[in-house]
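*Asks:* Dropping the structure in here first, questions after.
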Amino acid sequence: MGVSNNITSVLNFIALLASIPIIGAGVWLASKADNECIHNFRWHVLILGILILIVSLAGFVGAYWNKQGLLAFYLCCMAILIALLLFLLLFAFIVTRPDGSYDVQGRGYKESSLDGFSPWLRHHVTTSGSWQKIRTCLADSHVCIKLTQDYITAHQFFNSPISPLQSGCCKPPTACGYNYVNPTLWINPVNPMADPDCYLWNNDQNQLCYDCNACKAGLLGNLREEWRKANIILIVAVVVLIWVYLIACSAFKNAQTQDLFRRYKRGWV
């Protein structure tokens, strides 16, 4: 039984280490400007990572000090947490699969169409009640101010891979034909404008294109890119956790069998 518990201790230590990149991904997602403004998506990964860390630590203690009840608790809780992590991964993959971004000729960045993203994301992010709070939060952030610090000339700006959020919220859509002065200051075009977003653009730094559909689409584009990157880390972590869990279950079952055999043998003698 000692060998089995030693194996379980090592496995729980590996699971504990696997929780660290999950926590890191959660912190990274929560720190992004768009996620700071959308509280519904901010803490799920971080909370799951912390719970996995705590449960792994409990399993390590149970195996090291041969606390079978604590080990059983660990196996039960870890199964639930792995299932939740798998559900989160699958859900995030489904809702971020549609990509509303498209290339713009002569530009290093992309622009986004609101209709190109999943209906679930559009409903939970861009409804009127939610958007007013998000819009205020974005206007108070440094998302657009950073552009004026990083880019000066039109050539620099047009050939830079700015984020979908900056592309949608900090400048008018390219199709509007506005003339560049700096990344957040544009001169009205002479030609007629068909896109309603063109009339919503305002050089006031508190307005810009925050009321535009392009800004809503840019926010969804940012969320998609960030969750796709985080999913890579989560997939690796969940594979490690499943592998550790299966071996830990086998070791726990083997320990229980050996303990039962030992008790039977003592009673028989």
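The values are calculated or read from the model by the stated rules, or taken from the named source; none is laboratory data. Source: prediction; values computed, not measured. Methodologically, a virtual Cβ is constructed for each residue, glycine included, from the backbone with ideal geometry; neighbour enumeration extends over all protein chains shown. Remember, those area values only see protein heavy atoms, side chains included, never the ligands or the DNA or RNA. Shrake-Rupley method; radii C 1.70, N 1.55, O 1.52, S 1.80 Å.
*Asks:* Just how large is the dipole of the stretch 92-140 about the Cα centre, in debye to the nearest 20, putting +1 at every Lys and Arg Cβ and -1 at every Asp and Glu Cβ? Spell out each step's value before the answer.
*Replies:* Details: 6 positive and 5 negative charges, 23 e Å.
The calculation lands at about 120 debye.
*Asks:* How far is it, in nm, from the label point at residue 68 to the one at residue 194 when both lie 7 Å from their Cα along the line to the Cβ?
*Replies:* 7.6 nm
*Asks:* Dipole size in debye (nearest 20) for the chain around its Cα centre, Lys and Arg Cβ +1, Asp and Glu Cβ -1? Let's see the in-between values first.
*Replies:* Working: 20 positive and 15 negative charges, 305 e Å.
Dipole about the Cα centre, nearest 20: 1460 debye.
*Asks:* Extent of the stretch 109-181 along each principal axis, from alpha carbon coordinates, in Å, largest to smallest?
*Replies:* 38, 26, 19
*Asks:* Where only protein heavy atoms count, and the probe is 1.4 Å, what is the accessible area per residue for the chain in Å²? Kindly include the intermediate steps, with their values, before the conclusion.
*Replies:* On the way: 14220 Å² over 269 residues.
Computed with neighbouring chains in place, this is 53 Å² per residue.
*Asks:* Per-residue counts of other Cβ atoms within 10 Å, averaged by peptide: what ranking do you get for 136-145, 204-213, highest first?
*Replies:* Numbers: 136-145: 16.5, 204-213: 18.3.
Sorting 136-145, 204-213 by mean packing, highest first, produces 204-213, 136-145.
*Asks:* Taking all protein chains as present, what is the carbon and sulfur share of the accessible area of the chain, in % to the nearest whole number, probe 1.4 Å? Before the final figure, lay out the partial values.
*Replies:* Details: 9130 of 14220 Å².
Carbon and sulfur together cover 64 percent of it.
*Asks:* Counting residues in the stretch 99-138 as N, plug N into 2.2 N^0.38 Å and put the Cα Rg over that result. It would help to have the intermediate numbers written out before the result.
*Replies:* Numbers: Rg = 12.6 Å, N = 40, 2.2 N^0.38 = 8.9 Å.
Normalised Rg, Cα atoms only: 1.41.
*Asks:* Can you tell me the dipole magnitude for the stretch 191-235 around its Cα centre, using point charges on the Cβ only (Lys, Arg +1; Asp, Glu -1), in Debye to the nearest 20? Present the calculation step by step, with values, prior to reporting the outcome.
*Replies:* Working: 4 positive and 6 negative charges, 63 e Å.
Using only the charged Cβ atoms, the result is roughly 300 debye.
*Asks:* Quick one: grab Rg to one decimal and Dmax as a whole number for the stretch 1-97, Cα atoms only, in Å.
*Replies:* That works out to 15.6, 51 Å for Rg and Dmax.
*Asks:* May I ask you to order 156-169, 82-95 by the average number of other C-beta atoms within 10 Å around their residues, highest value first? Walk me through the numbers on the way to the answer.
*Replies:* Working: 156-169: 20.9, 82-95: 15.1.
Going from most to least packed, we get 156-169, 82-95.
*Asks:* If I measure Cβ to Cβ between cysteines in the chain, which ones have no partner under 4.7 Å?
*Replies:* 76, 77, 249 - these cysteines have no disulfide-compatible partner (Cβ-Cβ under 4.7 Å) in the chain.
*Asks:* If you take all C-alpha pairs in the chain, what percent of them are over 33 Å apart? Don't skip to the answer; put the middle values down first.
*Replies:* On the way: 14350 of 36046 pairs.
Every Cα pair in the chain considered, those over 33 Å come to 40 percent.
*Asks:* Say the cut-off is 18 Å between C-alpha atoms; which of 146/229; 32/171; 133/171; 171/216; 32/146; 110/133 go over it?
*Replies:* Values: 146/229 22 Å; 32/171 20 Å; 133/171 20 Å; 171/216 13 Å; 32/146 14 Å; 110/133 25 Å.
Going by Cα-Cα distance, 146/229; 32/171; 133/171; 110/133 fall outside the 18 Å limit.
*Asks:* Sort 22-28, 175-181 by the packing proxy (mean of other Cβ within 10 Å over each peptide's residues), most packed first.
*Replies:* Values: 22-28: 19.1, 175-181: 15.1.
In decreasing order of mean packing, 22-28, 175-181 become 22-28, 175-181.
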